[in-house]
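Below is one structure, written out as structure tokens, with a few remarks after it.
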Amino acid sequence: MRKILFTCIGIFITWISHAVVIPQELWINNGVSNVVDSPEIPYTAFNSSSEFATNNTIITIAVGDTVAFTIHNNDTLTHGFSIKETSLPGGPYILLPGETVEINVPFNSFGAYIYYDDLNYPHYKSLGAAGIIYVRNNAHSAFYWNMKEHDKEWNTEIVNGSFPALADFAPVYFTLNGLNNPETQEDPTSKITGNVGDTLIICMVNTGQMTHSIHLHGYHGTITYSSAHPAHNGREKDTFPVQSMEAIVLYIVPDKPGIYPVHDHNLVATSGNGIYANGMFQIIVISE
């Protein structure tokens, strides 16, 4: 059995000829996010080590694989662990500070899944603790967009032990994989690159609270998976509303070379604290 393992910038990509068990460590870390104007937003993320980073680990496996999770709570708060659209054996899981749990989860269907902190939902999840699991059925190049929005005051209240009403949630910062433009353009996990005629995959999940409508310039995409709207599979278009806690997988086959933008059609989300152009903005770079 042949196995190829790629590890790069918090992404674990496994493409194999037969289903296997994939070990995956996740550390629940706390820290701060300093997007745009260094606001020091209290933040929580699932990282691949005990070192904090704002980008939650992206997990990519093949259909039929089982992920053997080892999850460490490296925070001073109690946290949960769940996977949307998936029943966890032995769950629910609640991790006290310093606690570690082990969970084996099989993935038998193609698609994108959201793993997240489900304790005190949606507050702890909105601190940032939610990531992507992509269960692939091919070897095409894949790119990942984990979309979030952030309200510093809201997050500060949560880490201090209170749970503000959702009606008071007023985000002014918007990120892809924990980054904002122009830093996103240096992120190989979300910057879409390829050649004319390639099949390129964009795996988008919305782990924030508001709907984000992603608009492609230059090309159309075809929906191959939607967790919220499976009847939309096969639709080809250039704008894709992604609801809170929804996952979408798109295929793009570029028909011409060029450099084109991709952004949230809600232009507020392409800014950061009123500073434009920050937030949810990326580019597509296609060569001959």
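Side notes on the structure shown:
- If you filter the stretch 66-85 down to residues that are modelled with pLDDT of 95 or more and part of a loop (DSSP other than H, G, I, E, B), you find that the one that is least open to solvent (accessible area, probe 1.4 Å) is ASP75.
- Being in contact with a helix residue (DSSP H, G or I) (Cβ under 8 Å, 6 or more places away or on another chain), open to solvent by 30 Å² or more (accessible area, probe 1.4 Å) and among the hydroxyl-bearing types (Ser, Thr, Tyr) is a condition met by at least one residue of the stretch 257-277.
- Flag: THR222 does not match the condition of being over 30 Å from PRO97 (Cα atoms) and part of a helix (DSSP H, G or I).
- Residue list for the stretch 212-226, filter: open to solvent by 30 Å² or more (accessible area, probe 1.4 Å) and within 17 Å of TYR113 (Cα to Cα): THR224, TYR225
- Candidates are the residues of the stretch 86-123 that are of a type in the set (Ser, Thr, Tyr) and open to solvent by 50 Å² or more (accessible area, probe 1.4 Å); the one that is farthest from THR224 (Cα to Cα) is THR100.
- Some residue of the stretch 185-193 being of a type in the set (Val, Ile, Thr), assigned to a loop (DSSP other than H, G, I, E, B) and surrounded by 15 or more Cβ atoms within 10 Å (Cβ to Cβ): yes
- Check on MET204, open to solvent by less than 10 Å² (accessible area, probe 1.4 Å) and either within 20 Å of THR239 (Cα to Cα) or part of a loop (DSSP other than H, G, I, E, B) (or both): yes
The values are calculated or read from the model by the stated rules, or taken from the named source; none is laboratory data. Keep in mind that what you see is a predicted model, and the values were worked out from it rather than measured. No Cβ is skipped: glycine too gets one built from the backbone with ideal geometry, and neighbour counts run over all protein chains shown. The area values use the complete protein model at the heavy-atom level, side chains included, leaving out ligands, DNA and RNA. Shrake-Rupley method; radii C 1.70, N 1.55, O 1.52, S 1.80 Å.
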